[in-house]
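The values are calculated or read from the model by the stated rules, or taken from the named source; none is laboratory data. Bear in mind the structure is a predicted one, so any value in this text is a computation, not a measurement. Backbone-built Cβ (ideal geometry, glycine too); neighbour counts: all protein chains shown.
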Amino acid sequence: MADKIYNFGAGPAMLPEPVMQQIQQEWLDFQGMGISIIELSHRSKEFVAVLDEAQSLFRELTELPDNYRILFVHGGARMQFSALPLNFSGRMPSRKCLYVESGNFASLAAKEAQAFCHMETIASSAATDYDCIPELTSDQIDQGAAYLHITSNNTLYGTRWNQFPETGDVPLIADMTSELLSRQINYSQFGVIYAGLQKNLGPSGMAMVIVRDDLLGYADKQTPTLLNYTQCDKDNSLTNTTSTFAVYVIKLVLGWLKEQGGVAAVEKLNEQKAARLYQVIDNSSFYRGVAQPEYRSIMNISFKLANDELDARFLQEADDVGLYALKGHRNVGGIRASIYNPMPLVGVEKLARFMEEFEQKNG
Ligand SMILES: *Cc1c(COP(=O)(O)O)cnc(C)c1O
């Protein structure tokens, strides 16, 4: 029998098998309607029920305070890089928006914002190739700024914020694309949280935006209707045709997450999965972790071997035994294991053993 495939890709990433089985099962006949979910109007009561349930499951899983709105928006995470300054920089006459550069996506977010506001990068770890989260003190945060933007988990380098910065009255905005619902956080620390869905939650092309309601209503006049969060909220994410399939899949993934015991239970398992791989890295001089230990992500584990030739052999032999998509991002090189919520412990254990054996043969 062929090896079971474990997909370590960074995104689009693996989804829980029971979710995909359910999709398959009801593909031709959604809830006895005799049509498929993707043939169903976004305005139908059946679809609106799916959307409402996705929102209420998210609220329940996160214990989200009542004054936060949940939006489903187009264009994945990077579309929000433009939408954020358009929606929020007008809150303050300064139009000043602060950014922390902790990796590739953080840097892209800042670059995109330059067109729409007075963007200022107040801290960066570029000088050490993003192997850490940069130091940030409260006196660096101008209280006249419209917001401070961070990337909570840096997908390429495998670093994360362990403690989120105290920002005073300045709303904290976090790109949580590669870690939303993987750990418990206090949502009331944030003004806005957003995430492209294809890493931990569902199909690509869509994002969720969680926004504190007092931050709505400040969009610039020229904001395109479909990037306007206030409009999106008014229309319950149905200003135009949403990706109905994506919303349906998210709902199923959230239901699966609840069955696993919720975010606290999944976080514990995620810690265990990450610890197993870091243990192999730390017990070896053959593998070198990309992130400084105190900033390590539990979602993306990036490491390097001694040279390109060993990287290539590692990837080929891993692929041969069903350990798929372990190639590091082109900006970083080496290997990256993305172990989002749906990755089972057995998949991680198989990779850890493979790493140990590969070292014995080649170290
Ligand atoms: C993958 C990723 C993005 C880009 O997401 P898209 O949906 O492709 O735009 C942005 N930010 C982070 C942190 C990511 O991991």
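Here is how the numbers come out for the structure above:
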item	result
Within region 127-204, strands (runs of 3 or more DSSP E) holding 1 or more residues that are under 19 Å from GLN55 (Cβ atoms) and either touching a helix residue (DSSP H, G or I) at 6+ places or on another chain (Cβ under 6 Å) or within 16 Å of the ligand (Cβ to nearest atom) (or both)	192-196
Residues (free of Cβ contacts under 8 Å to residues at least 40 places away in the same chain and near the ligand (Cβ under 8 Å from one of its atoms)) located in region 100-111	LEU108
Condition met for GLU259 (over 29 Å from ASP29 (Cβ atoms) and of a type in the set (Asp, Glu))	no
Inter-residue pairs, beta-carbon under 7 Å, first in the same structural domain as GLU120 (by TED's automatic domain parsing) and free of Cβ contacts under 8 Å to residues at least 12 places away in the same chain and in region 72-99, second away from the ligand (no atom under 11 Å from the Cβ) and among the polar types (S, T, N, Q), 6+ apart	none
Qualifying position, being among the polar types (S, T, N, Q), out of contact with any strand residue (DSSP E or B) (no Cβ under 9 Å at 6 or more places or on another chain) and under 27 Å from ALA126 (Cα atoms), among SER302, SER285	SER285
Identity of the residue in region 58-109, more than 20 Å from ILE141 (Cα to Cα) and in contact with a Gly (Cβ under 6 Å, 6 or more places away or on another chain), that ends up surrounded by the most Cβ atoms within 10 Å (Cβ to Cβ)	ALA77
Which numbered condition GLN55 fails, given (1) in contact (Cβ under 8 Å) with a residue 40 or more places away in the chain; (2) crowded, with 16+ Cβ neighbours inside 10 Å; (3) under 30 Å from GLN184 (Cβ atoms)	(1)
